[in-house]
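Everything below concerns the one structure shown next.
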There are 2 protein chains.
Amino acid sequence: MPESAPPRRVTAADIARTVGVSRATVGFVLNNTPGQTISEGTRARVMEAAARLGYRPNKAATALAGGRSRIVLLMLPDWPADFSVRTYLEEASRALDEAGYSLVTQTHSAARVARPLWEALNPDVVIGWARFDDDDVASMRAAGITRIVPRPDVQVPLDEAPGVAEGARLQVDHLCDLGHRRLAFAAAADPRIGDLVQARASAAERQAGVRGVDLVDVRAVAHADGSAAEAVRDWRAAGVTGVVAYNDDVAAAVVGAAVRAGLRVPGDLAVIGHDDSPLAALFVPSLSSVRMDAVQAGRFLAELALREAEDRPISPMRYEPETHLVVRESTAGETDVGIL
Amino acid sequence: MPESAPPRRVTAADIARTVGVSRATVGFVLNNTPGQTISEGTRARVMEAAARLGYRPNKAATALAGGRSRIVLLMLPDWPADFSVRTYLEEASRALDEAGYSLVTQTHSAARVARPLWEALNPDVVIGWARFDDDDVASMRAAGITRIVPRPDVQVPLDEAPGVAEGARLQVDHLCDLGHRRLAFAAAADPRIGDLVQARASAAERQAGVRGVDLVDVRAVAHADGSAAEAVRDWRAAGVTGVVAYNDDVAAAVVGAAVRAGLRVPGDLAVIGHDDSPLAALFVPSLSSVRMDAVQAGRFLAELALREAEDRPISPMRYEPETHLVVRESTAGETDVGIL
DNA sequence: ATCGGCGACTAGCGCGCGCTAGCTACCACC
DNA sequence: GGTGGTAGCTAGCGCGCGCTAGTCGCCGAT
């Protein structure tokens, strides 16, 4: 092989040279720059050369010159990295892609690194599911990031977040419709998602009030530390027959504790989860849950990011995702599951 | 507020101006450029000014000038986005961070977008768990990415991948030690991870041979389509008492099917999973599994990426992660779980 | 007294791109 | 014939940084 030099990347200058035209013209053609008139012939020749040479604009140079990276960074909480999130991300990614943006996702790790991703990527927008804490906001500001969602300066009550009220309503209504009169809410212990948990719990309490049933206890529950077992004991003693869980993981912990305590599910205790994770279908008994339309949510996220990136107003946006109940054995099973 | 102009980002030139020194000097100080002698006083003044002004180098400019983005892109398969992966990623991320690199992770979505992430990010290295297909490799090459792991030009037999043989060995040995003489392997149906599934199955067959027990069937199994139920029926008929599952999800599907078929687990059928996902502990009965040391694996990934990025040889690297058994109810439970 | 060497620094190019400020040729119109 | 307008193009700056090729002054050795 006579040619062993590293094949230099094709640049716009290369195209200009082969076509016999200036670099500016190449730029105008490839970017369809408005306000520039290019003859049909030149345009075609440039396009052809670009395709033939396999030209790819250097993103670093584009970002430097344009001052925008066209990257959207989504920070995900590190706990619920499950379920329909995949669909959600895929849809958001595609919608952004169509608009010329790229979505980069990172799960927000507790172990802070020296160089957070927003510093390395120079994203145009950083989006989170929950509000960023002050340290993060300061770090982003220092990194020159001005577009942050949710806006750090705006306080949005989290129980008004899309879908929260509706999901809790479906959970509570389902249990009520099955005749349960005394309910409990099983929260997640993880402090990182504390406010979302709180929001769902409040919404459930509100809906219980609407339906005129008692929601006698809200309590954090975990599988590992025995708190689930304890909760089940207490709830039984208090006459609770239906449990609204923050999500499917928590629901599984409650069901597991109940079964191990010799109870029948759903005969003695009915439990409903949230998110319709794969676990919900897999579990024995399978878990009733609530599913939100991930495709819609993904598009919503993309739209939010785009508006922010392009400095268009986001205030008139209102969004209520389609939410529906998925009934399975843990609330409506005909055969109880328990220990033999 | 008199000042409403967007606060321009601080550049190295700003530092140079305030300190009264040239831009080059600033660069030398901040990068600790070898071969440059800078007086202690100047160095201190530059550092101080940088800190005071909150200077952050523009990554786009750095990437453009240096020709390297210091980004490592990790493409994850989109199926097993679960379990210890988080620890793994966190550790890899930290190790890379220490070396001045950033790890960006993307789950490899089936729905191809117009602009794959490696095109938008200009990563120095792209790493995948499995080999990339030819389209992807071509796309990366076109995007100017030369460092791809696993190397597209090198064929590595997947059953030699780190940990595969050892994990299967632990699974089979455990069931053998409990007295099971006829085993089956429950594979995952997902074609995207076909070769990894195949590798684990082969390793299990080999180990069964070593132990002199029969592994009578290898079959893809899923919860949704009834294939798990069918498999359990067939296995029972064939006298199988122990099942080695590809991972915990598959194990859960098998256990679920067994319980629903009126079998006792582990009394009639013992099942062991792989990966020690959260599901394994949560499930009822809880699932025995195999855990690989995610921290080690993460460091290994980081080291691999760094060597590739810095064009250091990777051939002498050999790595066998610590792997150990997690015994739970699905193989060694004292009380069987079943339908009441 | 001269020269080489070295410590401490600076001028300025190049990375690849977007884009402004032109410039030229051509045509329509008075 | 002059004037204005426009289609179609180009020269070249600026983005912020890394880094090479110097420059300058001082000190020790000849």
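The values are calculated or read from the model by the stated rules, or taken from the named source; none is laboratory data. What you see is a predicted model, and the numbers here were worked out from it, not measured in a lab. Neighbour counts are summed over all protein chains in view; Cβ atoms, including those assigned to glycine, are modelled from backbone coordinates with ideal geometry. For the accessible areas, the whole protein counts, side chains as well, though only heavy atoms, and no ligand, DNA or RNA atoms are used. Shrake-Rupley method; radii C 1.70, N 1.55, O 1.52, S 1.80 Å.
Within the shell defined by Cβ-Cβ distances under 15 Å, the residues around residue A:25 carry a net charge of +1, with Lys and Arg each +1 and Asp and Glu each -1. If you look at the Cα atoms of the protein assembly as shown, you get an Rg and a Dmax of 28.3, 86 Å. When you count the other C-beta atoms within 10 angstrom of each residue and take the mean per peptide, B:117-128, A:171-182, B:205-216 line up highest first as B:117-128, A:171-182, B:205-216. Of all DSSP bridge pairs formed entirely within the protein assembly as shown, close to 20 percent run antiparallel. If R0 is 45 Å, the Cβ-Cβ spacing of residue B:268 and residue B:9 corresponds to a FRET efficiency of close to 0.10. Per atom type, the protein assembly as shown shows carbon and sulfur on 52% of its accessible surface, probed at 1.4 Å. Amide H contacts under 5 Å for residue B:115: none, restricted to partners 5 or more places along the chain or on a different chain, H placed in the peptide plane at 1.01 Å from N.
Between residue A:216 and residue B:230, the distance separating the two model label sites (each 7 Å from Cα on the Cα→Cβ line) works out to 4.7 nm.
The residues of the protein assembly as shown expose, per residue, 45 Å² of accessible area to a 1.4 Å probe. Peptides B:272-278, A:234-240, B:241-247 ordered by packing proxy, namely the average of other Cβ atoms within 10 Å per residue, highest first: B:241-247, B:272-278, A:234-240. Per-residue shielding of B:54-66, expressed as the average number of other chain Cβ atoms within 10 Å of the residue Cβ, stands at 6. Remark: accessible surface ordering of B:154, A:26 (largest first) is B:154, A:26, probe radius 1.4 Å. Which shape class, rounded, prolate or oblate, goes with region B:142-254 when its Cα gyration tensor gives a ≥ b ≥ c as root eigenvalues, a/c under 1.5 marks rounded, and past that a/b bigger than b/c marks prolate? It comes out oblate by the Cα gyration axes. The calculated 222 nm mean residue ellipticity attributable to helices in chain A amounts to -13000 deg cm²/dmol, summing -39500 (n - 2.57) over DSSP H runs of n ≥ 4 and dividing by all residues. Between A:148, A:314, A:71, the residue with the greatest mean-square fluctuation in the GNM of chain A (Cα pairs under 10 Å linked by springs) is A:314. Taking chain B as a Gaussian network of alpha-carbon nodes connected by springs under 10 Å, the highest mean-square fluctuation of the residues B:64, B:263, B:306 belongs to B:64. Rolling a 1.4 Å probe across all protein chains gives residue A:68 an accessible area of roughly 90 Å². Legend: mean number of C-beta atoms from other chains within 10 angstrom of residue C-beta atoms, peptide B:285-296, equals 1.
Computed from the C-beta positions of residue A:137 and residue A:52 and an R0 of 45 Å, the FRET efficiency is 0.45 to the nearest 0.05. Taking all protein chains together and rolling a 1.4 Å probe, residue A:91 ends up with roughly 20 Å² accessible.
At q = 0.17, 0.19, 0.22, 0.31 Å⁻¹, what log₁₀ I(q)/I(0) does a Debye calculation on the Cα points of region B:12-57 give, no solvent, two decimals? Taken in order of the listed q values, log10 I(q)/I(0) reads -0.38, -0.47, -0.64, -1.26.
Between residue B:99 and residue B:195, the modelled label-to-label distance comes to 2.3 nm, taking each label 7 Å out from Cα in the direction of the beta carbon. Treating r as the C-beta distance of residue B:61 and residue B:237 and R0 as 51 Å, the FRET efficiency rounds to 0.15.
Interface area, chains A and B: about 5200 Å² of buried accessible surface, summed, with a 1.4 Å probe and ligands, DNA and RNA left out. Using a probe of 1.4 Å, the accessible surface attributed to residue A:320 totals some 100 Å² when neighbouring protein chains are kept in position.
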